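Report on the following structure.
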Amino acid sequence: MKKLIIGNFKMNTKPSEFKHYAMTLATKTKDTKNDVVVCPPFTHLYVAKEFLTGSKVEFGAQNINENESGAYTGEVSASMVKDLGASYVILGHSERRSKFKESDRTINKKVKTALANGLKVVLCVGENLVTRTNKEASAFVKKQLDDVLKGIYENELDSVVIAYEPIWAVGTGKVATIKDIQSMISMIRKEIENLYSAKASEKITIVYGGSVTIQNYKKIVASADGVLIGGACLNVDDFAIICRDNY
Ligand code: 13P
């Protein structure tokens, strides 16, 4: 079955290093049946356009500003990244929520701006360890979904991928159990059905992220529609193996 494999570089590597990465990944994935996306920093998007266009690998940004344009020094808009050939943007990542204080309200605005500009959205949700320990993870993620999807129409969901990324699993080496991944994904599907329809719930792509590695990816990919990979995507050989696998 075809899966969606997404690499999030976070703030790692330099544009000059990314050229080699992009060329290698493009070559190694030319026969893959999966959908492959890499999201390097903004500074690398020009390189991505040059070396990934025409390959199986799509690329995206890790953030956009919620406004279309204007006096927002240091920010980057959806139309800018779209103009460079990006097809995706990651929004609602736990690092943006915690370190840059992005609220569900801001993320909701960003989702609308991204969709209006023809970008597909990888929308991250996930609970912290205290919330999980208190057995409130499902309710927490459900509320995040309700808030970030406010005002998004069912036909726009074709351009939305949900990424379940429990905060305690991001960059920690601690992976959620297969049972927890499966139960959260089915809760997310149920909530999409509540908010939209059974058809929307069936169609939506839901991936897992958090300490996915070359050692553990097989079981995880089998339990989701794909994976969102941080640290382990930086090794192009490992990432290409995950992208090329038959699921
Ligand atoms: P790690 O794979 O490094 O845990 O990061 C996951 C992530 O945050 C991807 O967006």
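No lab work stands behind these numbers, since they all come straight from the coordinates. Quick caveat: nothing in here was measured; it's all calculated off a predicted structure. Ideal geometry is used to build each Cβ from the backbone, glycine not excepted, and the neighbour counts take in all protein chains shown.
Restricting attention to the stretch 54-69, which residues are away from the ligand (no atom under 16 Å from the Cβ) and aliphatic (A, V, I, L, M)?
V57 - this is the single residue of the stretch 54-69 that is away from the ligand (no atom under 16 Å from the Cβ) and aliphatic (A, V, I, L, M).
Only one of (1) in a strand (DSSP E or B); (2) more than 14 Å from the chain's Cα centre (by Cα) fails for C124. Which number is that?
(2)
With the stretch 6-114 as the region, which strands (runs of 3 or more DSSP E) entirely inside it contain at least 3 residues that are in contact with a Gly (Cβ under 6 Å, 6 or more places away or on another chain)?
On the way: elements: 35-39, 57-61, 88-91.
Strands (runs of 3 or more DSSP E) meeting the threshold: 35-39.
Could you tell me whether the stretch 69-87 includes any residue that is aliphatic (A, V, I, L, M) and under 27 Å from T172 (Cα atoms)?
no
Results for (1) within 16 Å of the ligand (Cβ to nearest atom); (2) within 24 Å of T213 (Cβ to Cβ), shown as yes or no for each residue.
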| residue | (1), (2) |
| --- | --- |
| K3 | yes, yes |
| F9 | yes, yes |
| L52 | no, yes |
| A71 | no, no |
| V76 | no, no |
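Table: residues versus (1) within 17 Å of I241 (Cα to Cα); (2) in contact with a strand residue (DSSP E or B) (Cβ under 7 Å, 6 or more places away or on another chain).
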position	(1), (2)
K2	yes, yes
H44	no, no
G60	no, yes
I64	no, yes
A86	no, yes
L91	no, yes
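Would you point out which residue out of E102, E95 is within 16 Å of the ligand (Cβ to nearest atom), under 17 Å from G126 (Cβ atoms) and touching a helix residue (DSSP H, G or I) at 6+ places or on another chain (Cβ under 7 Å)?
Numbers: E95 fails: touching a helix residue (DSSP H, G or I) at 6+ places or on another chain (Cβ under 7 Å).
Going through E102, E95 in turn, the sole match is E102.
Which pairs turn up if I take residues in the stretch 182-198 that are free of Cβ contacts under 8 Å to residues at least 12 places away in the same chain and look for partners that are not aliphatic (A, V, I, L, M) with beta carbon separation below 6 Å, at least 6 apart in sequence or on another chain?
Short answer, once both residue conditions are applied: E193/S201.
Could you go through the stretch 206-226 and let me know if any residue there is within 16 Å of the ligand (Cβ to nearest atom), among the basic types (K, R) and in a helix (DSSP H, G or I).
Checked the stretch 206-226: at least one residue is within 16 Å of the ligand (Cβ to nearest atom), among the basic types (K, R) and in a helix (DSSP H, G or I).
Please determine, by comparing only the residues of the stretch 181-219 that are of a type in the set (S, T, N, Q) and surrounded by fewer than 18 Cβ atoms within 10 Å (Cβ to Cβ), which one is nearest to F9 (Cα to Cα).
Going through the qualifying residues, I end up with T213.
Can you name the residue in the stretch 97-146 that is touching a Lys or Arg at 6+ places or on another chain (Cβ under 7 Å) and touching a residue at least 24 places away in the same chain (Cβ under 8 Å) and is also surrounded by the most Cβ atoms within 10 Å (Cβ to Cβ) among such residues?
L119
Hey, could you check the stretch 227-247 for residues that are more than 12 Å from the ligand (Cβ to nearest atom) and not in a loop (DSSP other than H, G, I, E, B) and say which is surrounded by the fewest Cβ atoms within 10 Å (Cβ to Cβ)?
D237
Among the residues of the stretch 146-180, how many are more than 17 Å from the chain's Cα centre (by Cα), more than 16 Å from the ligand (Cβ to nearest atom) and assigned to a helix (DSSP H, G or I)?
The qualifying residues number 6.
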